[in-house]
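The values are calculated or read from the model by the stated rules, or taken from the named source; none is laboratory data. None of the values given here were measured: they were computed from a predicted structure. Note that we place each Cβ from the backbone using ideal geometry, even for glycine, and neighbour counts take in every protein chain shown. Protein only, heavy atoms only, side chains kept; ligands, DNA and RNA dropped before computing areas. Shrake-Rupley method; radii C 1.70, N 1.55, O 1.52, S 1.80 Å.
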Amino acid sequence: MPLPISPRDLIGPMSPLGIPAPYPILACFKGLGFVTHMWFMHLWYAGLILAVVAYAFGGEHHRRWGARLAKQMPVIIAVGVNFGILALLFLQVAYYRAFYPATILMAWPWFSVFFGLTLAYYGVYLYELGIRHGTLTTLRRIIGWAAAAVFLVEGFLFANALSLMTNIGGWPSLWLNTSVAAAPLGTGLNTADPTLWPRWLMMFGLAVLTTSAYIVADTAFFAHDETDDYRRWAGGFALKVATAGVLCFAAFGSWYVFGTWSREVRAVMFGSPHVFLTALTAVSVGLPWLLILLGRRRLTGALAWAVVAAQVGVLTINALSRQIVQNLELAPFINLADEPVRMQWGATIMFLVLLVLGFVVLGWIIAKVVAVNRQAAHLGPEA
Ligand code: HEM
């Protein structure tokens, strides 16, 4: 029996205020926010579980690496969440007609993100302080594992929200199955959508690859207080992690693209000219892997810059493909170009100035940390 409601009835109405800048500008900032969010988010999404496993079951060097990443995690989470907010801001401005109805259908799981994030954030503090002060009790170990598990679930909830946002065709049945007297209970999830599971796991594969790039960067830029033996070991370890990341991305990415993309999305993404971007998205992960393979015996600053730049390239290409697929999946219901533009110069200029200022401050903080580390290394353990 046909559903008493069409997906179009659940899409948010167009705002009379229009959008504050042309769509391409909003999409660029959303993409910038997402790429920077991904770089840091990947370190808590995949890096933290790897660090906890390495510290619990690994040898001396694994434990040192696990301890290093755990100690850096509170800052990584703080910076990564802020970049996520940048992406969220533009997602809400440009995609409000789909984003809000979708997150209303899954309101409670979506709302739980804040509680989970807060608990996991404090859990990470308790875990890393236990390592830092040599007071890692069983309880703190359990808290460390729990924080890593919460972040995996949070990643799943984000994959749910972003895939449900474009799965407008699936809204009526989800609404009907999770509502009382037509009032949505907000208990929905997008688990009926075949794209969800491979998308979530593909992102995890990408996160493992980002973690390997971070191992190289951390060893080259920050690990001046570690032994030469550790630095030699770190190159080999980074290669193993990178290989696992590439294989995971390739396996789940293939499932996602060949097993779950709709005919319309496939026709565009495998048609010219998009097929070049699709192919690049698939093979780009090979570059950071290759750089780590070639340079693993001596992790220099130059190699680290090359690996970081390559991985940022991979994340950017993935964000671009993802953005095109997002718009293609929305296209049968929402044409983003229909939104009237009411340019808000004041807000736009203020935002740009503050954004640049933010990046300058972040760059200064990282430069200071590198300098202090190098100085500490020169002064030796008695410093
Ligand atoms: C308050 C903190 C956070 C904010 C504001 C935030 C923001 C965002 C935004 C706006 C997107 C979508 C970007 C786009 O579509 O272009 C996104 C995607 C994502 N975020 Fe976050 N995020 C936060 C915390 C987290 C946490 C704790 C995780 C846990 C691992 C996480 C994992 C992800 C994942 C996996 C995606 C991609 C989902 C997909 O498209 O499949 N984020 N985040």
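Of the residues that sit in segment 107-126 and are over 22 Å from residue 79 (Cβ atoms) and touching a helix residue (DSSP H, G or I) at 6+ places or on another chain (Cβ under 6 Å), which one is least open to solvent (accessible area, probe 1.4 Å)?
109
Looking at (1) more than 18 Å from the chain's Cα centre (by Cα); (2) more than 16 Å from residue 291 (Cβ to Cβ); (3) touching a residue at least 24 places away in the same chain (Cβ under 8 Å), which one does residue 221 not meet, given that it meets all the others?
Evaluating residue 221 over (1) more than 18 Å from the chain's Cα centre (by Cα); (2) more than 16 Å from residue 291 (Cβ to Cβ); (3) touching a residue at least 24 places away in the same chain (Cβ under 8 Å) leaves (2) as the failure.
Say whether the condition of being in a helix (DSSP H, G or I), under 25 Å from the mean Cα position of the chain (by Cα) and in contact (Cβ under 8 Å) with a residue 60 or more places away in the chain is met by at least one residue in segment 2-17.
No, there is no match, as no residue in segment 2-17 is in a helix (DSSP H, G or I), under 25 Å from the mean Cα position of the chain (by Cα) and in contact (Cβ under 8 Å) with a residue 60 or more places away in the chain.
Across segment 127-137, what is the number of residues that are assigned to a helix (DSSP H, G or I) and crowded, with 17+ Cβ neighbours inside 10 Å?
Selection size over segment 127-137: 4.
Could you tell me whether any residue of segment 331-354 is closer than 30 Å to residue 10 by Cα and among the aromatic types (Phe, Trp, Tyr)?
Yes, segment 331-354 has at least one match.
Please work out which one of (1) buried (at least 21 other Cβ atoms within 10 Å of the Cβ); (2) away from the ligand (no atom under 16 Å from the Cβ) is the condition residue 41 fails and give its number.
All conditions pass for residue 41, except number (2).
Kindly evaluate residue 191 against the criterion of being closer than 30 Å to residue 285 by Cα, at pLDDT 95 or above and either open to solvent by 30 Å² or more (accessible area, probe 1.4 Å) or over 17 Å from the mean Cα position of the chain (by Cα) (or both).
The answer is yes for residue 191.
Right, residue 100: closer than 30 Å to residue 71 by Cβ, open to solvent by 50 Å² or more (accessible area, probe 1.4 Å) and at pLDDT 95 or above or not?
Against the criterion (closer than 30 Å to residue 71 by Cβ, open to solvent by 50 Å² or more (accessible area, probe 1.4 Å) and at pLDDT 95 or above), residue 100 does not qualify.
Before we move on, is residue 275 under 19 Å from residue 197 (Cα atoms), open to solvent by less than 50 Å² (accessible area, probe 1.4 Å) and at pLDDT 95 or above?
no
In segment 46-97, which residues are farther than 20 Å from residue 218 by Cα and more than 9 Å from the ligand (Cβ to nearest atom)?
Within segment 46-97, 56, 57, 93, 94, 96, 97 meet the criteria.
Every residue, every condition in (1) under 30 Å from residue 278 (Cβ atoms); (2) open to solvent by 50 Å² or more (accessible area, probe 1.4 Å); (3) assigned to a helix (DSSP H, G or I); (4) modelled with pLDDT of 95 or more, yes or no:
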residue: 230; (1), (2), (3), (4): no, no, yes, yes
residue: 240; (1), (2), (3), (4): yes, yes, yes, yes
residue: 246; (1), (2), (3), (4): yes, no, yes, yes
residue: 255; (1), (2), (3), (4): yes, yes, yes, yes
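Being open to solvent by 20 Å² or more (accessible area, probe 1.4 Å) and within 16 Å of the ligand (Cβ to nearest atom) narrows it down to one of 181, 161, 146, so name that one.
Testing whether each residue is open to solvent by 20 Å² or more (accessible area, probe 1.4 Å) and within 16 Å of the ligand (Cβ to nearest atom) leaves just 146.
Using the structure shown, decide if residue 316 is closer than 23 Å to residue 243 by Cβ, open to solvent by 30 Å² or more (accessible area, probe 1.4 Å) and modelled with pLDDT under 95.
No.
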